[in-house]
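A quick write-up on the structure given underneath.
The values are calculated or read from the model by the stated rules, or taken from the named source; none is laboratory data. In this text, all values refer to a predicted model and were calculated from it rather than measured experimentally. Backbone-built Cβ (ideal geometry, glycine too); neighbour counts: all protein chains shown.
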Amino acid sequence: MSSTVLERFLRYVQIDTQSDPNSTLQPSTEKQKNLSRMLVTELFEMGVVDAHLDEYGYVYATLHANTDKLNVPVICFCSHVDTSPDCSGAGVKPIVHKAWDGTDIVLPDDPAQVIRRSEHPDLDAQIGNDIVTASGTTLLGADNKAGVSEIMDAVRYLLEHPEIKHGTIKILFTPDEEIGRGTNKVDLAKLGADFGYTIDGESLGSFEDETFSADAVKITIRGISAHPGFAKGKLENALKIAADVIAALPKDALSPETTEEKQGFIHPTNIEGIQEKVTLGFIIRDFTVAGLHEKEGYLKGILVQVLQQYPHSTADFEVIEQYRNMKEVLDNHPHVSEYVWEAIRRSGLTPLKRSIRGGTDGSRLSFMGLPCPNIFTGGHAFHSKLEWVSVQDMQKAVEVIVNLCQIWEEKH
C-alpha cells in the first residue's frame with residue numbers, strides 16, 4: 001500500500017497545537033486551529049467537498065459511500081489535533097532514523113535525552129524499521145498527530161481506490177482532548193455517525209474497548225486563622241490539615257506510581273490556599289464505578305479522621321464525574337470491536353486487546369451515543385521528549401482503517 005502518512009506526519013508535528021487547561025476558551029488555544037485549517041484544505045484537495053472547521057475547533061468531513069448497499073451503518077474515525085500541556089510542542093524538529101539498527105537513540109538537541117531499548121520494550125520489534133523522534137527539547141506530537149495522519153492517508157487511499165467498497169465514512173478531528181474537553185462542543189447530530197473509532201492508541205496491533213472510569217474530588221478545608229504571635233489554642237492551620245490528608249495516603253498502594261493493569265488509584269493533583277482555607281484536588285481512577293466509590297469513601301474517611309484532630313475546622317468533599325468506562329456501552333455492540341479484530345488480522349497482525357489506564361474521546365463519545373473503541377497508532381512514550389513512532393506501524397494503522405471500512409460494507 002503506497003502511503004503518504006510519513007509526509008503528513010512530519011508536516012503536522014511542526015505545527016504547535018498544545019492545549020491549555022487554564023484557558024476558558026473553546027478551543028483552549030487558537031493555535032490548534034492552524035492544523036485544523038490545514039486538514040480542511042488537504043481534504044478539499046482530495047475531493048472531500050464538505051470538509052469544514054467550526055467555531056469550536058472541530059473538523060467535520062464526509063467520505064461518501066460507493067456501495068450499492070443501502071443498509072451499511074455510518075462509521076466515524078476520530079483523532080485529536082492538540083498535544084499535551086505536559087511538554088513543549090513548539091518548534092518540534094522531527095528526525096527520521098531510517099532502518100534503525102537497535103542502538104540507543106541520542107536526541108541531538110539535548111544529548112541527555114536518550115531512547116533506550118532497555119527502557120522501551122516495544123522497540124525490540126522495530127529493528128530495521130524507520131523510527132521518528134523529536135530532537136530532544138520538545139515532545140514529538142505522535143499523540144495524536146500520528147492518528148490524524150493515518151486517518152488522512154486512509155481517506156486518500158480510499159479515494160484513489162474506488163474498487164474498495166465502503167459505506168459512508170465520517171471524519172472528526174477534535175481539539176482539547178489532552179485536557180479532557182475533546183467532546184465538549186461536538187455536534188453528533190451534524191456528524192451523523194452510528195459507530196466510531198478513535199485512532200489514538202499505542203502498540204502495533206493493539207486496540208482497546210475498555211478505559212478507566214474517572215472522577216475528580218475537590219476538598220475545601222476551612223481552618224481557624226489567628227495571628228501567629230497569639231495563636232496558642234486558637235490556630236488550626238488549613239495548610240497543615242491538607243498536608244496531613246496527603247500524608248495519610250498509603251505509600252505502597254493506591255497511587256499511580258504503585259499500580260498497574262486493572263488497579264485503580266487516588267492521585268493528588270493540586271493544592272492551593274492559605275492558613276485559613278485550602279483547596280485540594282484529586283483524580284480517582286478505577287475500571288468500575290463501584291471501585292471509584294470505594295476509593296472516594298476511603299479518601300473521605302481519611303479526611304474525617306484528620307479533622308478529628310482539628311475540632312473547630314470544617315471541610316467540603318465534592319465529587320465531580322469525569323468519564324466512565326466505555327466497555328459498559330461497547331459490550332452492547334460487540335460487533336464494533338469484533339470488526340477491529342478482523343481488520344487487524346487482515347493486515348497480517350496479531351490483535352492485542354488491552355484496557356486503557358486513562359481515557360480517550362471515545363470514552364465520552366460512547367456515552368453520548370457513539371460507541372467508539374480505540375485503535376493503535378504506533379506511537380509510544382507520549383507526553384515526553386522521548387516520544388517516538390514507527391513509520392511502518394503507522395502504515396499498518398492506515399491499512400487497518402481501510403480494512404475496517406471494507407469489513408463494515410461486507411457485513412451489512
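Values as computed for the structure displayed
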| quantity | calculated |
| --- | --- |
| Residue within region 295-314 that is surrounded by 19 or more Cβ atoms within 10 Å (Cβ to Cβ), among the acidic types (Asp, Glu), assigned to a helix (DSSP H, G or I) and in contact with a strand residue (DSSP E or B) (Cβ under 7 Å, 6 or more places away or on another chain) present | no |
| Considering residues of region 137-173 that are closer than 16 Å to Thr83 by Cβ and in contact with a Pro (Cβ under 9 Å, 6 or more places away or on another chain) only, the residue surrounded by the most Cβ atoms within 10 Å (Cβ to Cβ) | Gly141 |
| Residue within region 323-338 that is outside any loop (DSSP other than H, G, I, E, B) and farther than 21 Å from Asn374 by Cβ present | no |
| Any chance Thr24 is in the same structural domain as His166 (by TED's automatic domain parsing) and over 24 Å from the mean Cα position of the chain (by Cα) | no |
| Top-ranked residue of region 29-49 - restricted to ones that are out of contact with any Pro (no Cβ under 9 Å at 6 or more places or on another chain) and either of a type in the set (S, T, N, Q) or outside the structural domain of Gly182 (by TED's automatic domain parsing) (or both), ranked as nearest to Pro175 (Cα to Cα) | Asn34 |
| Residue satisfying condition, being aromatic (Phe, Trp, Tyr), under 28 Å from Tyr56 (Cα atoms), touching a helix residue (DSSP H, G or I) at 6+ places or on another chain (Cβ under 6 Å) and in contact (Cβ under 8 Å) with a residue 40 or more places away in the chain, within set Phe212, Phe207, Phe195 | Phe195 |
| Any hit, region 86-95, residues being within 15 Å of Met394 (Cα to Cα), touching a residue at least 60 places away in the same chain (Cβ under 8 Å) and among the small types (Gly, Ala, Ser) | no |
| Residue match in region 50-69 (condition: part of a loop (DSSP other than H, G, I, E, B), among the hydrophobic types (A, V, I, L, M, F, W, C) and either surrounded by fewer than 20 Cβ atoms within 10 Å (Cβ to Cβ) or not assigned by TED's automatic domain parsing to the domain that holds Ser384 (or both)) | yes |
| Index of the failed condition, Trp408 passing every other in (1) touching a strand residue (DSSP E or B) at 6+ places or on another chain (Cβ under 7 Å); (2) more than 24 Å from Leu10 (Cα to Cα); (3) part of a loop (DSSP other than H, G, I, E, B) | (3) |
| Selection count where residues are under 22 Å from Gln18 (Cβ atoms) and polar (S, T, N, Q), scope region 110-148 | 6 |
| Unique match (being under 22 Å from Asp16 (Cα atoms), in the same structural domain as Val13 (by TED's automatic domain parsing), β-branched (Val, Ile, Thr) and within 14 Å of the chain's Cα centre (by Cα)) among Ile151, Ile199, Ile171 | Ile199 |
| Ala243 vs. criteria modelled with pLDDT of 95 or more and out of contact with any strand residue (DSSP E or B) (no Cβ under 6 Å at 6 or more places or on another chain) | yes |
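Listed here are the residues, each with its yes/no results for (1) assigned to a helix (DSSP H, G or I); (2) of a type outside the set (Phe, Trp, Tyr); (3) at pLDDT 95 or above; (4) touching a strand residue (DSSP E or B) at 6+ places or on another chain (Cβ under 7 Å).
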{"position": "Ile127", "(1), (2), (3), (4)": "no, yes, yes, no"}
{"position": "Val132", "(1), (2), (3), (4)": "no, yes, yes, yes"}
{"position": "Ser135", "(1), (2), (3), (4)": "no, yes, yes, yes"}
{"position": "Lys145", "(1), (2), (3), (4)": "yes, yes, yes, no"}
{"position": "Val148", "(1), (2), (3), (4)": "yes, yes, yes, yes"}
{"position": "His166", "(1), (2), (3), (4)": "no, yes, yes, no"}
{"position": "Val217", "(1), (2), (3), (4)": "no, yes, yes, yes"}
